[in-house]
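Notes follow once the structure below has been shown.
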Amino acid sequence: MGRRASSRSASAHHLRRRLVLAAAVAWCVVAASLQAAAAQRNAAPTAQVRVGVILNLTSAVGQRRKVGIEMALEDYYAAHPGSRTRVVPRFRDSRGDVVGAASAAVDLIRNEQVQAIIGPPTSAEAAFVANLGNSSHVPILSSSATSPDLSPSQTPFVVRTAANDSFQAAPVAAVLAAFRWHAAAVLYEDSPYGSGMLPALADALQGVGARITERAALPPGADDAAIDAVLYRLMAMPTRVFLVHMNLFTAARLFQRARNAGMMTEDYAWIATDGVGSVVDALGADDVSAMEGVVSLRPYVAMTSQVRNFSARFRARLRRVSPSADVYDHDPTVSMLWSYDTAWAVAAAVEAAGVSSPAFQTPRRGSAATDLDRIGVSATGAALLEALRETRFQGLAGNFSLVDGQLQPPAYEVVNVVGRGARRVGFWTPEAGITQTLGADAARGLKRSIIWPGDQTSPPKGWVVSPNGQKLRVYVPVKRGFKEFVGVQRDSPNGTANITGYCIEVFDAVISKFMPYPVSYQYVPYDDSSESYDELVAQVAQQKADVVVGDVTITASRMAEVDFSMPFTDSGWSMVVAVRAETSTSMWIFLRPLTTSLWLASLAFFCFTGFVVWAIEHRINPEFRGTPWQQFGLIFYFSFSTLVFAHKEKLESNLSRFVVIIWVFVVLILTSSYTASLTSMLTVQKLQPTVTDVRELQRSGANIGYQEGSFIKGSLLKMGFDESRLTTYKTAEDCADALSRGPGNGGVAAVFDEIPYLKLFLSQYCDGYAMVGPVYKTDGFGFVFPLGSPLTPDVSRAVLTLAERDEMAQIEKKWFGEPGACPSGGAAAAVGSSNLSFRSFGGLFLITGVVSGLMLVIYLATFVYRERGEVGNVVAEEEEGSAGSSSVRRLRAWLRHFDQKDLKCPTFKTWNEESVRDGSQTTRRWVDDTVRNGGRGGANGAAAAAGEEEAIGMSPAFSISAGSEMINAGSSPASELGTSFEQRMQEASHSAEMPH
């Protein structure tokens with residue numbers, strides 16, 4: 001029993017141990033399962049997104065881009081281990097052909113159902129694939145299709161992750177402007193990549209004053225014969241600046257043939273776009289040697305630590321993946337860095353958009369006739385495209401930011417192909433233009449260490465005077481008259497023509513002394529120029545002449561066919577007429593020296609000055625008092641008497657004396673000028689032109705003349721002159737004879753010609769002729785060049801330089817005589833108006849007006865300040881018993897007070913004292929009676945006042961106001977009892993009406 005109990009106890013213990021062990025194992029299994037499930041959730045991404053990549057895998061460039069894209073995806077997911085999506089690339093080979101690229105795109109969209117496509121590499125391939133992406137809503141990203149013809153605005157599902165070629169137009173134009181090249185020939189690849197840039201390039205060159213003289217297209221597979229034909233055609237042109245826009249391999253062959261043709265020597269300048277500059281280091285030594293001296297562009301990429309790290313890893317991987325591939329020190333190129341950033345952007349956009357499995361809406365097969373019809377529409381394409389446009393990050397090639405579906409203009413490096421590769425000589429940025437370094441304080445322009453073709457260190461001038469080395473053919477007109485401008489004599493001993501004249505000497509001085517380079521030329525007389533200079537100018541447009549030198553006027557119609565230098569003579573044309581002696585003189589000629597405005601201004605200032613003097617002297621000077629008409633007349637008499645300095649009135653105030661001093665000075669100058677002008681009219685102006693107005697000639701229908709071969713005939717016809725009335729003349733003698741005979745004797749009434757000819761004519765015929773009428777504007781004489789000739793700006797600068805020197809004056813003196821020998825164009829002085837205008841005396845009138853106004857203001861201010869108390873008392877007394885406006889009463893009180901004498905002044909004070917000492921008792925009684933009776937003396941009072949006037953000896957001018965003024969002269973209260981000027985007038989009138 002004991003053993004059985006012990007055995008059962010052991011069995012139970014053993015069972016418990018097994019149960020505990022089983023529970024522990026179960027717990028461990030469960031925990032492990034949970035941990036494994038969690039690890040599985042956090043490990044691999046849950047969705048794979050297929051992205052197609054179309055490359056030319058048979059080329060070295062395609063192999064390099066494939067390596068870069070793979071590295072970009074690996075680097076992205078290494079930097080973002082928690083990504084929920086993973087891009088799986090599907091590579092296809094386009095074999096460098098449009099059909100291969102299209103076939104690959106159809107396969108990727110239809111069979112692989114890719115969510116996006118990277119590539120294809122060329123613009124021609126991308127143009128077709130873009131339409132597939134647009135119809136299937138699959139984003140197409142290209143980092144190498146740079147043609148402007150591939151527009152994201154027209155194909156919205158295209159994303160250009162590279163710089164548009166049109167962005168290069170501005171830096172190319174800036175390089176031309178830096179060296180002052182005004183013309184260039186363009187050699188481009190005959191493909192969408194090559195031709196797409198031309199419109200933007202033409203606009204950019206026009207913006208810097210340059211133009212494209214020739215465009216030469218080369219197909220990508222052009223043979224040597226085709227290239228040589230283009231080069232020899234360009235060699236025959238004067239332009240020596242060539243712009244190259246083509247892929248590297250075509251450009252390498254072009255420069256090889258250019259070197260063989262002798263076009264990589266001095267005087268030539270070659271500018272290449274980034275199709276050459278970005279990958280020139282990948283060329284062989286012979287190809288680089290053929291490009292010696294070429295200046296090229298390439299997008300600038302800062303050499304950061306990330307770029308160095310990637311470059312080292314890229315070269316190592318390229319050696320491992322493709323041992324036979326050539327590895328260069330410059331690997332990877334900018335284009336490969338753009339490919340890397342493109343793949344990174346796709347991975348980031350896929351993650352941001354949450355793209356999972358493909359979802360294509362496949363059309364019904366019954367309606368599909370071809371594979372293109374069976375391509376569906378991606379349901380996630382629009383969201384992925386929006387995520388791509390919003391993607392922003394700092395890539396290896398710079399800031400990755402899309403605007404309008406493409407990268408923004410980067411900074412460009414300007415490199416010089418020298419030695420074994422390209423050497424940096426400057427930068428271009430949209431903000432600063434061309435600079436030597438990057439930064440706000442960078443020096444402008446390119447470095448001077450550029451080596452040009454032919455190992456030249458100085459930049460070429462960009463063109464040659466004569467491509468075939470011959471002398472320039474300079475046509476000159478053969479004139480029958482006015483040979484001072486151009487004279488051709490054919491009687492030289494050696495049989496050649498002797499060409500002289502003002503225009504010839506100016507051109508010789510410009511070319512030989514002021515041009516920056518030698519120019520060889522020879523003069524060729526053109527005999528058919530006498531009828532019309534338009535035929536002479538047309539010889540340049542027809543390339544029969546290289547330059548025309550002579551008295552050729554610059555006109556708008558001629559500038560449509562040729563270019564002109566800056567004018568070297570006076571501009572404009574006018575008319576010359578005969579003058580005749582004046583037979584009669586107008587009876588009103590004394591009014592002509594002054595213009596109407598000056599007459600009116602003088603009258604106004606005469607009145608104003610007289611008023612100011614009267615206002616200042618009225619209260620203190622008895623000579624400026626009296627009846628209103630006497631005072632009104634005195635104002636005019638005093639001011640106008642200053643004309644002959646006959647003013648006799650004695651002035652008491654220093655203010656009025658100062659006014660008169662200034663006014664007398666003005667009157668002195670005015671009268672002297674009037675006298676001189678009138679004398680000139682009566683003595684000098686004895687000759688008058690027979691015609692003074694063009695409209696008068698048109699109305700009269702008289703004959704008029706013009707020089708043969710001149711453009712003026714057409715201008716006269718446009719003005720309305722009858723062609724039958726136009727007469728040509730050849731020499732200055734013919735002109736003088738026709739004018740002297742006049743229209744009545746078979747001559748002309750006027751001769752129209754250009755200012756230089758008229759000046760020469762008047763210098764030879766000083767008497768009897770005058771230049772009158774308006775001057776019609778033209779641009780003067782200029783030298784004629786073909787349209788776009790590089791000589792034009794240089795000759796223009798030389799003409800301006802010569803005009804600023806004394807040498808030009810010496811040449812004019814030699815051919816036209818001493819300037820001013822015939823004053824003002826002969827008899828023209830007799831025609832000019834000698835009228836004096838208000839503008840001539842504006843300063844004097846301003847001075848006297850300011851002085852007079854200032855003195856008047858000072859006097860009135862002093863008067864108001866001194867008399868304010870007395871006038872205030874009078875106003876207060878009147879306001880106590882009267883109604884009405886206080887302002888009006890105050891104004892009348894001031895006027896009445898102003899009309900009274902100022903008894904405090906020395907003049908009236910001395911006169912009052914003498915009256916008190918010598919006055920009679922009758923006068924005293926009369927004053928007392930007047931005061932007691934309130935001034936109502938009636939007729940007796942008036943008679944008594946008149947008697948007192950005679951007793952005191954007053955002037956009759958004061959007879960009407962003697963009563964009040966005698967009261968004012970009595971004692972100090974008299975000023976308060978005296979009547980105003982208005983009251984005295986009323987009393988005088990009342991006395992006159994009463995019967996005696």
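Find the residue count for region 511-538, including only residues that are of a type outside the set (Lys, Arg), surrounded by fewer than 16 Cβ atoms within 10 Å (Cβ to Cβ) and part of a helix (DSSP H, G or I).
4
From the list ARG160, ARG180, pick out the single residue that is within 30 Å of SER789 (Cβ to Cβ), basic (Lys, Arg) and within 41 Å of the chain's Cα centre (by Cα).
None of the other options fit; the residue is ARG180.
Would you point out the residue of region 386-434, among those that are within 21 Å of ASP165 (Cα to Cα) and among the hydroxyl-bearing types (Ser, Thr, Tyr), that is nearest to the chain's Cα centre (by Cα)?
THR429
Suppose we filter GLY782, GLY768, GLY742 for residues that are open to solvent by less than 60 Å² (accessible area, probe 1.4 Å) and closer than 16 Å to ASP570 by Cα; which single one remains?
That would be GLY782, the only listed residue that is open to solvent by less than 60 Å² (accessible area, probe 1.4 Å) and closer than 16 Å to ASP570 by Cα.
Condition check ((1) farther than 20 Å from ASP274 by Cβ; (2) in contact (Cβ under 8 Å) with a residue 60 or more places away in the chain; (3) among the β-branched types (Val, Ile, Thr); (4) in contact with a Leu (Cβ under 9 Å, 6 or more places away or on another chain)) across all residues:
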| position | (1), (2), (3), (4) |
| --- | --- |
| ALA174 | no, yes, no, no |
| HIS182 | yes, yes, no, yes |
| ALA185 | no, no, no, yes |
| GLY194 | no, no, no, yes |
| TYR232 | yes, no, no, no |
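Name every residue in region 140-184 that is among the hydroxyl-bearing types (Ser, Thr, Tyr) and open to solvent by 30 Å² or more (accessible area, probe 1.4 Å), in order of residue number.
Result: SER153, SER166.
Would you check if there is a residue in region 689-704 being without any contact (Cβ under 8 Å) to a residue 12 or more places away in the chain, farther than 30 Å from ASP734 by Cα, part of a helix (DSSP H, G or I) and of a type outside the set (S, T, N, Q)?
Checked against the condition, which is being without any contact (Cβ under 8 Å) to a residue 12 or more places away in the chain, farther than 30 Å from ASP734 by Cα, part of a helix (DSSP H, G or I) and of a type outside the set (S, T, N, Q), region 689-704 yields no hits at all.
For region 372-405, name all the residues that are among the β-branched types (Val, Ile, Thr) and at pLDDT 90 or above.
The one that is among the β-branched types (Val, Ile, Thr) and at pLDDT 90 or above: THR391.
Specify the residue that is nearest to GLY284 (Cα to Cα); the eligible residues are those in region 410-434 that are surrounded by 16 or more Cβ atoms within 10 Å (Cβ to Cβ) and free of Cβ contacts under 8 Å to residues at least 24 places away in the same chain.
The qualifying residue nearest to GLY284 (Cα to Cα) is GLY426.
Filter region 213-230 for residues that are out of contact with any Leu (no Cβ under 9 Å at 6 or more places or on another chain) and closer than 22 Å to ASP203 by Cα and give the result.
THR213
Somewhere in region 69-76, is a residue open to solvent by 50 Å² or more (accessible area, probe 1.4 Å), without any contact (Cβ under 8 Å) to a residue 40 or more places away in the chain and either part of a loop (DSSP other than H, G, I, E, B) or under 18 Å from SER335 (Cβ atoms) (or both)?
No, the conditions are met nowhere in region 69-76.
For VAL355, state whether it is surrounded by 14 or more Cβ atoms within 10 Å (Cβ to Cβ) and either assigned to a strand (DSSP E or B) or at pLDDT 90 or above (or both).
Against the criterion (surrounded by 14 or more Cβ atoms within 10 Å (Cβ to Cβ) and either assigned to a strand (DSSP E or B) or at pLDDT 90 or above (or both)), VAL355 does not qualify.
Note down all Cβ pairs under 6 Å where the first residue falls in region 591-616 and is within 23 Å of GLY633 (Cβ to Cβ), the second is outside any helix (DSSP H, G or I), and they're at least six residues apart or on different chains.
Listed pairs, sorted by first residue: ILE616/SER653.
If I ask for residues that are in a helix (DSSP H, G or I) and acidic (Asp, Glu), which ones from region 790-808 would you list?
ASP794, ASP806, GLU807
What is the number of the single condition among (1) part of a helix (DSSP H, G or I); (2) modelled with pLDDT of 90 or more; (3) more than 36 Å from the chain's Cα centre (by Cα) that ALA124 does not meet?
It is condition (2) that ALA124 fails.
Just need a number here: residues in region 265-302 that are closer than 21 Å to LEU201 by Cβ, out of contact with any Ser or Thr (no Cβ under 8 Å at 6 or more places or on another chain) and β-branched (Val, Ile, Thr).
Number satisfying all stated conditions: 2.
Go through region 644-659 and give me each residue that's modelled with pLDDT under 85 and either part of a helix (DSSP H, G or I) or surrounded by 14 or more Cβ atoms within 10 Å (Cβ to Cβ) (or both).
If the condition is that a residue be modelled with pLDDT under 85 and either part of a helix (DSSP H, G or I) or surrounded by 14 or more Cβ atoms within 10 Å (Cβ to Cβ) (or both), then HIS647, GLU649, LEU651, GLU652, SER653, SER656 are the ones that fit.
Hey, can you tell me all the residues within region 383-405 that are in a loop (DSSP other than H, G, I, E, B), in contact (Cβ under 8 Å) with a residue 60 or more places away in the chain, farther than 16 Å from TYR76 by Cα and open to solvent by 20 Å² or more (accessible area, probe 1.4 Å)?
Result: ASP404, single match.
Run LYS447 past the list (1) touching a residue at least 12 places away in the same chain (Cβ under 8 Å); (2) among the basic types (Lys, Arg); (3) outside any loop (DSSP other than H, G, I, E, B) and report the number of the one that doesn't hold.
(3)
Residue under question is ILE712, and the condition is that it be touching a residue at least 40 places away in the same chain (Cβ under 8 Å) and under 23 Å from GLY817 (Cβ atoms); does it hold?
Here the answer is no, as ILE712 does not meet what is asked.
The values are calculated or read from the model by the stated rules, or taken from the named source; none is laboratory data. This one's a predicted model, so the numbers in the text were calculated from it and none came from an experiment. FYI the Cβ positions are ideal-geometry reconstructions off the backbone, even for glycines, and counts take in every protein chain you see. Surface accessibility is based on the protein's heavy atoms, side chains included, excluding ligands, DNA and RNA. Shrake-Rupley method; radii C 1.70, N 1.55, O 1.52, S 1.80 Å.
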